[in-house]
1. Consider only pairs whose beta carbons are under 6 Å apart and that are at least six residues apart or on different chains; among these, list those whose first residue lies in the range 116-132 and is over 12 Å from Arg192 (Cβ atoms) and crowded, with 20+ Cβ neighbours inside 10 Å and whose second residue is modelled with pLDDT of 95 or more and of a type in the set (Phe, Trp, Tyr).
2. Which residue out of Leu93, Leu36 is out of contact with any strand residue (DSSP E or B) (no Cβ under 8 Å at 6 or more places or on another chain), surrounded by 14 or more Cβ atoms within 10 Å (Cβ to Cβ), at pLDDT below 90 and over 27 Å from Thr282 (Cβ atoms)?
3. Which of the numbered conditions does Leu150 fail, given that it passes all the others? Conditions: (1) in contact with a helix residue (DSSP H, G or I) (Cβ under 8 Å, 6 or more places away or on another chain); (2) crowded, with 18+ Cβ neighbours inside 10 Å; (3) over 22 Å from Gln223 (Cα atoms).
4. In this structure, does Lys226 turn out to be at negative phi and touching a strand residue (DSSP E or B) at 6+ places or on another chain (Cβ under 9 Å)?
5. For Leu174, only one of the following conditions fails: (1) buried (at least 17 other Cβ atoms within 10 Å of the Cβ); (2) aliphatic (A, V, I, L, M); (3) modelled with pLDDT under 95; (4) at negative phi. What is its number?
6. Could you figure out which of (1) free of Cβ contacts under 8 Å to residues at least 60 places away in the same chain; (2) farther than 15 Å from Leu136 by Cβ isn't true of Phe203?
7. Of all the residues that make up the range 103-115, how many are touching a residue at least 40 places away in the same chain (Cβ under 8 Å) and among the hydroxyl-bearing types (Ser, Thr, Tyr)?
8. Please work out which residue is nearest to the chain's Cα centre (by Cα), limiting yourself to the range 266-292 and to residues that are over 21 Å from Ile163 (Cβ atoms) and modelled with pLDDT of 80 or more.
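The values are calculated or read from the model by the stated rules, or taken from the named source; none is laboratory data. No experiment lies behind these values; they were computed from the predicted model shown. Methodologically, a virtual Cβ is constructed for each residue, glycine included, from the backbone with ideal geometry; neighbour enumeration extends over all protein chains shown.
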Amino acid sequence: MKSLIASLHDYINVRKSLGYKLTEQERYLKSFVKFLKKKNCQYVTVKLATEWATLPRDAKLATWSQRLSIVRLFARYRIASDPRTEVPPPYLLSQQPNRVTPYIYSEQEIQKLLKACQLLPSKGLRCHTYFTFFGLIAVTGCRINELISLNRNDFDEKNGWIIIRNSKCDKSRLLPLHQTTIQQLKKYAKIRDRFPVQDGNAFFLSDRGMRITEWSTRYVFIQISKKIGLRNMIDSHGPRIHDIRHRFAILTLLNWYHEGADINKKIILLSTYLGHKKPTDTYWYVTGTPELLAQATAKLEKNIGE
């Protein structure tokens, strides 16, 4: 196992290789590692991280929060190589809500979700709609509202793509699809077109022939999540639809790492495909996922060795 200081150097180098400027963060983390050494501790603990973060006793909460968040990111990286590491929880010293920790679905869980959709009680399109809807998120990483807003003519069967219009960042984008996805969308479109339609523009329709809503989609997702055991029957929180998008991004990046691809070039493609405003938004999937940081570290070490 690498020492804490060696791991810190790797972490800084990895993040710099991804385009981050870490002057202040590097200074803070070196200070934190020295602090741990003085305390005769060889791994990150929540207690010592909090103690170090609040060392400027007269500082504002915002400063404490910033210092702890810097340690938190490093701890997420370090835990992949040292399981003793404790990651400070997001709410600790927080002055505002933190980004929700994503749930990474297994392939088996995705298949269970889709199978549960096929078993939904339905008078017409409901089971077909949600099977195709959640499956499309899984293979494209689209946002829920992007697919709810999808129109019938946004699916180009001939060329095998869908058009996402006026997304979160007020940009439209064209998404090429895998052949199996194209075939499933064709199959759904054929079934959809046979049913009485109240909203002829919408691609994804309810049993009543209307465009599905965000509320109904989330309701269906919660119900099937409980049926397959992703949530307890009384849980008000749990794995989200948006986490399926996160899974798509993570798997794409991991596959590229395994292939030895140049991530700095590839991530621009992924950022465009996901509809992110800038590539740094996509880099979060790397910094927020220990396995990806470990992959990035391994690749960096290989480059240094060569």
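1. Sorted first by the residue in the range 116-132, then by its partner, the pairs are Cys117/Tyr130; Cys117/Phe131.
2. Every option except Leu93 fails the conditions.
3. If we test Leu150 against (1) in contact with a helix residue (DSSP H, G or I) (Cβ under 8 Å, 6 or more places away or on another chain); (2) crowded, with 18+ Cβ neighbours inside 10 Å; (3) over 22 Å from Gln223 (Cα atoms), just (1) comes out false.
4. Considered against the rule, which asks whether it is at negative phi and touching a strand residue (DSSP E or B) at 6+ places or on another chain (Cβ under 9 Å), Lys226 comes out as no.
5. Leu174 satisfies every listed condition except (1).
6. (2)
7. Within the range 103-115, residues that are touching a residue at least 40 places away in the same chain (Cβ under 8 Å) and among the hydroxyl-bearing types (Ser, Thr, Tyr) number 2.
8. Ile267
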